[in-house]
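Step one of this worksheet: look at the structure below.
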Amino acid sequence: MNAQSRIEKPPLKILLCSPRGFCAGVVRAIDAVERALTVYGAPVYVRHEIVHNRYVVEALKAKGAIFVEELGEVPDTPAPVIFSAHGVPKSVSAEAAERNLLAIDATCPLVTKVHREAEIHHRRGRRVLLVGHAGHPEVVGTMGQLPDGAVVLVESVADVGALTLDDEQDLAYVTQTTLSLDDSQEIVEALTQRFPTIIGPYKEDICYATTNRQAAVKRVAPLVDAVLVVGSPNSSNSQRLREVAERSGAPAQLVQSRNEIDWSLFGAVRTLGITAGASAPEVLVEEIMGAFAERFDITVETVSAADENVSFPLPRELRAVV
Ligand code: SF4
């Protein structure tokens, strides 16, 4: 028995949020890159991080994927170019077609649903308001479904108050899929109060994965001393999970891997909630649990807010090729 194993470790009860981690859109996007690598061989170009997770991106790079921010970085090539789960503006698809690139669209079907809603509203003569975060790739993609200036971005309740519109009658709104449910509800309430005839989505735009992961965190946060969210800082749904935990009363830290854990925050913690954003693989959660097990005598309990059995078929271009 070595000296370390003789030192008694403090107890730590971990409440593991369920569901957590990969959603169906992320699984589909990663599978699309892997299938493309199998079918066409390396390299396969991917516009933007396929999902917002460094671990996933590095693993795909090692298999032969080349990540670019813009199509201009892709040479004229017969190799496929995959569009990320966040979706792309129409101008990107048009540029790929003009250059005869083999484009494969891995946009999550739930993001595509929002794109189609925005298009239908526009066709029916409605001004489209998009509730979302400026600069997020999904927001850029959704705004890019309509001509420049046709979509008005609304980021906050204050933005609703400041809106100046020529026509306040023919309005519709859509939302980013990965918002905080509570924040978006406040913004939508402000919109419907100010514009009582505004038309909303037939079925909620915030996706099932965002909803379920936030519900699990809300359930766990009041029961623990702190919450650890596994995910990337540029992942919208991971950031929202951190916010939801904090608003539910638990200090929360967002980490990409075990190396980023600030152990000074966990000295007095005896109950810990753990969740993961929709783009964070389970292997990272397992590594982090392992890191806690090295320092604490852990017991683990799963707290479930919903069962998930959603899956999406691969993009059409890859389904056809066997
Ligand atoms: S978080 Fe939701 S919208 Fe985004 S990829 Fe996952 S299922 Fe699709």
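Whole-percent P(r), the chain, all Cα pairs, 10 Å bins from 0: 6, 24, 29, 24, 13, 4, 1, 0.
The overall shape of segment 1-145 is oblate: from the C-alpha gyration tensor, with semi-axes ordered a ≥ b ≥ c, the ratio a/c is 1.5 or greater and a/b is no larger than b/c.
Considering only the other residues whose Cβ falls under 14 Å of the Cβ of PHE266, what net charge follows from Lys and Arg at +1 and Asp and Glu at -1?
Numbers: positive: LYS9, LYS13, ARG258, ARG270, ARG295; negative: ASP225, GLU260, ASP262, GLU294, ASP297.
After counting each charged neighbour, the total is 0.
Cα-based radius of gyration for segment 200-242, normalised by 2.2 N^0.38 Å, reads 1.32.
Give me GLU8, GLU138, GLU317 ranked fewest to most by other Cβ atoms within 10 Å of their Cβ, as a rough exposure proxy. Mind dumping the intermediate values first?
Working: GLU8 7, GLU138 24, GLU317 18.
Ordered from fewest to most neighbouring Cβ atoms within 10 Å, GLU8, GLU138, GLU317 come out as GLU8, GLU317, GLU138.
Here the contact order of segment 201-274, divided by its residue count and restricted to Cα pairs under 8 Å and six or more residues apart, works out to 37 percent. Residue order for SER279, SER235, SER180, SER156, fewest other beta carbons within 10 angstrom first, comes to SER156, SER180, SER235, SER279.
By counting other Cβ atoms within 10 Å of each Cβ, how are ILE274, ILE298 ranked from fewest to most? Before the final figure, lay out the partial values.
Working: ILE274 22, ILE298 17.
Least crowded to most crowded, the residues run ILE298, ILE274.
Our estimate of slack between ASP262 and ALA162, defined as 0.36 nm per intervening residue step minus the Cα-Cα distance, is 32.0 nm. As a test of the formula, what do you get for the chain when each DSSP H run with n ≥ 4 contributes -39,500 (n - 2.57) and the sum is divided by the residue count, at 222 nm and rounded to the nearest 500 deg cm²/dmol? Taking each H run of at least 4 residues, the total per residue is -11500 deg cm²/dmol. Taking label positions 7 Å along the Cα-Cβ direction at both THR302 and ARG316, the computed distance is 3.7 nm, reported to one decimal. What you get for segment 57-163, charging only the Cβ of Lys and Arg (+1) and of Asp and Glu (-1), is a dipole of about 480 debye around the Cα centre.
Tell me the net charge near MET289. Cut-off is 11 Å between Cβ atoms, MET289 excluded, with +1 for each Lys or Arg and -1 for each Asp or Glu.
Values: positive: ARG258; negative: GLU282, GLU286, GLU287, GLU294.
Spelling it out: positives minus negatives among the neighbours equals -3.
Within the shell defined by Cβ-Cβ distances under 12 Å, the residues around ARG194 carry a net charge of -3, with Lys and Arg each +1 and Asp and Glu each -1.
The distance between label points at GLU155 and ARG194 comes to 1.5 nm (points 7 Å beyond Cα on the Cα→Cβ vector). Considering only Cα atoms, the convex hull volume of segment 244-303 works out to 102 Å³ per residue.
Name the shape class, rounded, prolate or oblate, that the alpha-carbon gyration tensor gives for segment 3-43, where a ≥ b ≥ c are the square roots of its eigenvalues, rounded holds for a/c under 1.5, and otherwise prolate holds if a/b is larger than b/c and oblate otherwise. Note, shape of segment 3-43 comes out oblate.
Remark: spin-label model distance GLU119-ALA291 equals 4.3 nm, labels positioned 7 Å along the Cα→Cβ axis.
When a/c is below 1.5 the answer is rounded, else prolate if a/b is larger than b/c, else oblate, so apply that to segment 84-191 with a ≥ b ≥ c taken from the square roots of the Cα gyration tensor eigenvalues. Prolate, because a/c is 1.5 or more and a/b exceeds b/c.
Where a number appears in this text, it was derived from the coordinates with a stated rule and is not lab data. The structure displayed is predicted, hence computed values, not measured ones. Cβ: placed from backbone, ideal geometry, glycine included. Neighbour counts: every protein chain shown.
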